[in-house]
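Heads up, the thing below is written out as structure tokens.
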Amino acid sequence: MTGDASPELRVAGRTVARYVTRSELPARLSPRPFLHPVTTLAGIPVTESGPADHLHHLGVGVAVPDVEGHNFWGGRTYVRDRGPTELDNHGAQRHTAFRHSGPGGFDEELSWCARGAELLRERRTVTAAGLTATAWALDLTFALTNTTGAPLTLGSPATNGRPGAAYGGFFWRARKEDAAPRVLTADGEGEAAVHGRRADWLALAGESWTLVFAGATERTRRDPWFVRTEEYPGVGSSLAHDDRVALSPRDTLVRRIVTVVADGRLDGDGAAALVRQAAGR
């Protein structure tokens, strides 16, 4: 990994991801660190950042649409009984320091601030490791601690009255191609069958690449998947799907997602096998 502003992740001697810590973004996009571009081992891009359909989608990262009324997702804010609304309530995630960094990953500290005050402090750990000649694994853990001295809650448009819009937490904006990607789990296939449901793993397959997402802890696996394929290709693990998540002062919320990044279009058996390998490495 080189440099502080845009460190690189490398697997088998190849750069597979760049981490942007200091992006020059307008406040309405909720500026935050993110991974982009992320590629397969063959160099195929599997992320997008700032696409025309959603300028606030920034590669791979962590974003929450409602932290005690502050928008850390970007774009318009969903307000109960008013719908999507332009509000001046956007927060920003600020890179503080790397505790550790190297070609295989990093351990980072971040501050989530809004209106000049810190709401959350995050510790984010990211590692990259090879699995096969055509696949590698990205392991991302984030721990959010309430530093306000008062209780706060995390929510989503779903918990503000918009059914089905339960996004927030880990989010991966994938590469948009001419055809929508295939999405499947061990129990179903298609956006309608997998969105809003819990599954040990979920695969998103494009023309020549496959991403396989898996919750790496029991608590993470209880969060349903947020999935979009037709409107745009994106996958997230929903923190506040049914209810707002409460954090008392000094309490910490932890989630961990492992994503297999593979060349080729995998079927269910191939996806499941690589997830098992990633989990056992």
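Throughout, read-outs are computed from the coordinates displayed, never taken from laboratory work. Just so we're clear, the structure is a prediction, and the values are computed from it rather than from any experiment. Backbone-built Cβ (ideal geometry, glycine too); neighbour counts: all protein chains shown.
Points worth noting:
- SER248-ALA52 FRET efficiency (beta carbon distance; Förster radius 35 Å; 0.05 resolution): 0.30
- Mean sequence separation of contacting Cα pairs (under 8 Å, at least six apart), scaled by the length of the stretch 103-144, corresponds to a relative contact order of 34 percent.
- The stretch 197-211-the stretch 56-77 distance, computed between alpha-carbon centres (Å): 23
- Rounded to 10°, Cα long-axis angle of helix 268-279 versus longest principal axis of the chain: 70
- Radius of gyration, Dmax [the chain; alpha carbons; angstrom]: 17.5, 52
- Over the stretch 61-127, relative contact order from alpha-carbon pairs under 8 Å, at least 6 apart, %: 21
- Since only GLY102, PRO163, SER237 are under comparison, the one whose Cα sits farthest along the positive direction of the charge dipole of the stretch 8-279, derived from C-beta charges on Lys, Arg, Asp and Glu, is GLY102.
- Modelled label positions at ARG219 and GLU8, each set 7 Å beyond Cα in the direction of Cβ, lie 3.6 nm from each other.
- Theoretical FRET efficiency, 1/(1+(r/R0)^6), r = Cβ-Cβ of ASP269 and ARG162, R0 25 Å, to 0.05: 0.10
- Leading residue at positive end of dipole, the stretch 8-279 (Cβ point charges), from GLY74, PRO224, LEU119: LEU119
- Multiplying the residue separation of ARG115 and ARG182 by 0.36 nm and subtracting their alpha-carbon distance yields 20.0 nm.
- Volume of the Cα convex hull of the stretch 1-147, divided per residue and given in Å³: 117
- The mean sequence separation of alpha-carbon pairs under 8 Å and at least six residues apart, normalised by the residue count of the chain, gives a relative contact order of 17 percent.
- Whole-Hz Karplus values for the stretch 150-155 come out as 9, x, 9, 10, 10, x Hz, taken residue by residue from phi with 6.51 cos²θ - 1.76 cosθ + 1.60 and θ = phi - 60°; glycine and proline positions read x.
- Dipole magnitude for the stretch 214-281: computed about the Cα centre from +1 point charges on Lys and Arg Cβ and -1 point charges on Asp and Glu Cβ, it is near 380 debye.
- Note on the chain: helix-only mean residue ellipticity at 222 nm, from DSSP H runs of 4+ residues weighted -39500 (n - 2.57) and normalised by residue number, equals -1500 deg cm²/dmol.
- Scalar couplings 3J(HN,Hα) for the stretch 232-247, obtained by applying the Karplus form with A = 6.51, B = -1.76, C = 1.60 to θ = phi - 60°, are 6, x, x, 9, x, 10, 7, 5, 10, 7, 9, 9, 5, 9, 9, 10 Hz; x denotes Gly and Pro.
- Inter-probe distance in nm under a simple model that places probes 7 Å from Cα toward Cβ, at GLU230 and SER208: 2.9
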